[in-house]
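Just below is one structure, and these are the notes that go with it.
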Amino acid sequence: MIEVKDLSKDFNGKRAVDAISFTVDKGEILGFLGPNGAGKSTTMRMITGYLPPSSGTAVIDGFDILTQPIEARARLGYLSETAPVYPEMSVREFLLFCAEVRGFSGKNRDRAADDAMDRCFLKNVVHQPIHTLSKGYRQRVSFAQSILHDPAYLILDEPTDGLDPNQKHEVRQMIQAMGEAKAILISTHILDEVEALCPRALIISEGRIVADDSPEKLRRQDPDYGACTLTLNNPPPAGLMQELSSLGEVRKEHPDRDTNTAKLHIRPRQYQPDLSSQIEGLCRRSGTGINELFISQGRLDTVFRMLTTPKNAA
Amino acid sequence: MIPSSFHSIRAVFKRELMSYFITPVAYVFLVIFLILQAFFTFQVSRLFESGQADLRPFFDWHPWIFLFLIPAVSMRLWSDEQRQGTLELLLTLPLSLTAIILGKFLAAWTFIALALFLTFPVVLTVLYLGNPDLSAIFCAYIGSFFMAGAFLSVGIFTSALTRSQVISFVLTLIFCLLFVLAGYPPVMDMLGTSAPQSLASFIASLSFLTHFNTFAMGIFDLRDLVYYLSVIVFMLTANGILLVNRRS
């Protein structure tokens, strides 16, 4: 288990991370979201022991990162945002070095490096100096470094950054497969990725946790959650409009110009699971045919924006 | 899996030493070092014309050549890690700071030892010409090696101060110049006339030069060895403290 306890960090008197606490269990992938500068990387750097916290600590598998840093780090795999690698070394030399530092020697060392290269699709650049590689490859070399010792705990800071769509897909599948046995903390800006990968997401803003829930539940905070958008075959009679207004806030949207249809957006005053059937009933009674009905599931990015925009701006 | 500290030091040491030879820097350094040695020994000090089969003219130049070449060896040790961002990698691997510092320092020191070893033709030359005191020559080499270690320890410290190799080079040069000049005869004469005797001899005793002179004369004095080792331990400890307290 990764336990983060009241972690805080001040930079020149400014609070970058403010008493953050959470835990990640084995078999869990926790998505770590927040706008740039919210303190995601700083928090991860404190958990991995790179930055000394101003207060608080992180405990990995029972080992405190401040008092037993070597034991704690030995259990961690860390992919930093900057994907640090030694540019003059070849991919294989670099991974052999990492394996050696992780305590592998002889044949085990070679096997650990070769396995990591296989899993991160690095087979065809094994002997290339890293400085000749593209950003995507460097990212994968760094990723290979973080999983080479098969750690039980993974901290991944934007692991799919700089990858092409195919590689993103591969890496996501890999993370998902690893997530069954490991505790993974993953930061990303791609909200689709969070919905695809993480059963639980943490949103931070200005150094504080503002949400900690499943992406599904978070989407429900979207004011549009459960709202219906419908396209009618002909303009609605005034009576129907009035009836619909009693269900919620009705907004007319621009229909396609060449047809005689009308497009309405109805947002209930509070969530009603049977809103669509009520709308259907009303339309049928007034004899207006529905061409299309769409129920909004809420959007994570709307919720993200709501939670991370400073309140005083509104 | 937690590696032993010996295993860790060796891993860092190997990577560091290899990184000297991956780029042409190491070869350029070795060539310049050997050319300068030969130039000062044979052209400036005129070893052949001194009529003596000893290597004083050769060893007397060591502090001055080290002054310019050792900062070039040490400048990249930490500043490169900071510039490339690999410091974050290194400090999040299961390595103790002591193991990293020792690994890096020993790698650079080994490289200097190789450079010193490659000056062996000078020894062969005096052996061919006459009957030199080999134990004195060996002793001077030991002295030179430990003096180089002291220069390096200053260099690795300044390298941790900055992301820029150039700044590290200049700082090392200045620090080491002070250490050398404190025992340089013209400076000692000046201090002798203007400062109290005890202060003047105290300053001279802090100099790299003073302690090297005994070795160069072929005298092995444990106190000189202890002096260099203390400089090294002091600077490496300061290096560790500097890294622990970065950005806090």
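Listing for the model above:
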read-out: Distance from the range B:65-83 to the range B:1-48 (C-alpha centre basis), Å; value: 11
read-out: Solvent-accessible ranking of A:MET306, A:MET89, B:MET190, B:MET75, largest area first, probe 1.4 Å; value: B:MET190, A:MET306, B:MET75, A:MET89
read-out: Heavy atoms of B:SER5 accessible to a 1.4 Å probe, total area in Å² rounded to 10; value: 80
read-out: Calculated FRET value between A:LYS107 and B:SER164, using beta carbons and R₀ = 45 Å, to 0.05; value: 0.60
read-out: Equivalent ellipsoid semi-axes, the range A:118-255, via Cα gyration tensor eigenvalues times 5, rooted, Å; value: 45, 19, 12
read-out: For the protein assembly as shown: Kirkwood Rh in Å [reciprocal of mean 1/r, alpha carbons]; value: 28.4
read-out: Interface residues, the range B:13-43 - accessible area loss of 30 Å² or more versus chain alone, probe 1.4 Å; value: B:LYS14, B:ARG15, B:MET18, B:ILE22
read-out: Spread of Cα-to-Cα distances over 10 Å intervals beginning at zero, given as percent, for the range A:228-296; value: 21, 62, 17, 1
read-out: Accessible area of the protein assembly as shown belonging to carbon and sulfur atoms, whole % at 1.4 Å probe; value: 58
read-out: Mean residue ellipticity (222 nm) of the protein assembly as shown, computed from DSSP H runs ≥ 4 via -39,500 (n - 2.57), nearest 500; value: -16500 deg cm²/dmol
read-out: Residue-level accessible surface for A:HIS131, protein heavy atoms, 1.4 Å, Å²; value: 120
read-out: Rounded Å value of the spacing that divides the Cα centres of the range B:169-248 and the range A:29-48; value: 46
read-out: Relative contact order %, chain B, counting alpha carbon pairs below 8 Å whose residues are six or more apart; value: 26
read-out: Taking the C-alpha atoms of the range B:1-61, convex hull volume expressed per residue in Å³; value: 103
read-out: Ratio Rg/Rh, restricted to chain A and using Cα atoms, in which Rh is the Kirkwood radius; value: 1.12
read-out: Probe 1.4 Å, all protein chains present, accessible-area order of B:GLU49, A:GLU280, A:GLU100, largest first; value: B:GLU49, A:GLU280, A:GLU100
read-out: List of the range B:83-108 residues, accessible area with partners at least 30 Å² below that of the chain alone (1.4 Å probe); value: B:GLN84, B:THR86, B:GLU88, B:LEU89, B:LEU91, B:THR92, B:LEU93, B:PRO94, B:LEU95
read-out: Relative contact order of chain A, pairs being alpha-carbon contacts under 8 Å that are 6 or more residues apart, as %; value: 19
read-out: Percent of beta bridges antiparallel (DSSP, the protein assembly as shown, rounded to nearest 5); value: 65
read-out: Radius 11 Å from Cβ of B:ALA11, net charge of other residues (Lys, Arg +1; Asp, Glu -1); value: +3
read-out: The range A:228-296, relative contact order [Cα under 8 Å, separation at least 6], %; value: 49
read-out: For chain B, the spread of Cα positions along each principal axis, largest first, Å; value: 60, 47, 31
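The values are calculated or read from the model by the stated rules, or taken from the named source; none is laboratory data. These numbers were taken from a predicted model, which means no experiment stands behind them. A quick note on method: Cβ atoms are made from the backbone with ideal geometry, for glycine too, and the neighbour counts reach across all protein chains shown. When the accessible area is computed, the model is the full protein with side chains, heavy atoms only, and any ligands, DNA or RNA have been set aside. Shrake-Rupley method; radii C 1.70, N 1.55, O 1.52, S 1.80 Å.
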